[in-house]
Amino acid sequence: MNDQVLIDKAKAGLGDRAVEIANPAPRRIFIRVKVDDLLEAVGWLKNEAGFTHLATISGVDLGQSFELLYHFANNFTCVTIRTEIPRDHPRLPSICSVIPGAILYERELQDMFGIVVQDIPDGRPLVLPDDWPAGNYPLRKDWKYERPPEVIPGGKK
């Protein structure tokens, strides 16, 4: 299926739920949706367009908001579903009911950005150590790294 056929299919299938559809390069399609339409858009992409492989979920701290990018791929095209959530209330629905493998990426979003993923089957921390301080999210722009004091075994005290 070429890009234009998929774009036309997305416009017909998603209707007003697709806020924007862009084709910035061959075999790359971006579909922007509101966060309330995310689950439905992912379901459409899987069930109607046949995109069953979620390559990754990326997050970007835009300052006042976070942009989430859900990257899907098949043998011909990469489709990215984009949505934005406010920084002061960072919540979005889990897509695990549609794409079960998304759980690892969603757990990473929680760890690294402090985004609350609603209805995630297992919300335990994934990447950060168990003793990581609460409220510290390494991929937020305002996070400051404080290097712990260096301890050299057998060194001077």
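Of note:
- Assessment of segment 120-133 against the conditions (of a type in the set (Val, Ile, Thr) and either closer than 24 Å to Ile21 by Cα or assigned to a helix (DSSP H, G or I) (or both)) yields no matching residue.
- Residue list for segment 102-119, restricted to those being part of a loop (DSSP other than H, G, I, E, B) and among the aliphatic types (A, V, I, L, M): Ile115
- Residues of segment 134-152 satisfying the condition of being among the aliphatic types (A, V, I, L, M), free of Cβ contacts under 8 Å to residues at least 60 places away in the same chain and within 23 Å of Ile115 (Cβ to Cβ): Ala134
- Of all residues in segment 37-70, those satisfying the criterion of being within 20 Å of Cys96 (Cα to Cα) and either of a type in the set (Lys, Arg) or in contact with a Leu (Cβ under 7 Å, 6 or more places away or on another chain) (or both) are Leu38, Ala41, Trp44, Lys46, Ala49, Phe51, Ile57, Ser58, Gly59, Leu68, Tyr70.
- Counted residues, segment 61-101 - those being assigned to a strand (DSSP E or B), more than 15 Å from Val35 (Cα to Cα) and not small (Gly, Ala, Ser): 5
- Residue match in segment 17-26 (condition: farther than 27 Å from Gly114 by Cα, over 15 Å from the mean Cα position of the chain (by Cα), at pLDDT 95 or above and among the charged types (D, E, K, R)): no
- Tally, over segment 21-36, of residues that are in contact (Cβ under 8 Å) with a residue 40 or more places away in the chain and either buried (at least 19 other Cβ atoms within 10 Å of the Cβ) or among the charged types (D, E, K, R) (or both): 7
- Some residue of segment 64-78 being free of Cβ contacts under 8 Å to residues at least 40 places away in the same chain, touching a helix residue (DSSP H, G or I) at 6+ places or on another chain (Cβ under 6 Å) and of a type in the set (Ser, Thr, Tyr): no
- Only one of the numbered conditions (1) in contact with a Leu (Cβ under 8 Å, 6 or more places away or on another chain); (2) of a type in the set (D, E, K, R); (3) part of a loop (DSSP other than H, G, I, E, B) is not met by Asp142, and that is (1).
- Annotation for segment 22-36: at least one member residue is assigned to a helix (DSSP H, G or I) and closer than 21 Å to Ala102 by Cα.
- Given (1) within 30 Å of Asn136 (Cβ to Cβ); (2) at pLDDT below 95, number of the condition Glu67 does not satisfy: (2)
- In the set Arg107, Arg140, Arg82, only one residue is surrounded by 13 or more Cβ atoms within 10 Å (Cβ to Cβ), touching a Pro at 6+ places or on another chain (Cβ under 8 Å) and of a type in the set (D, E, K, R); that residue is Arg107.
The values are calculated or read from the model by the stated rules, or taken from the named source; none is laboratory data. Keep in mind that what you see is a predicted model, and the values were worked out from it rather than measured. No Cβ is skipped: glycine too gets one built from the backbone with ideal geometry, and neighbour counts run over all protein chains shown.
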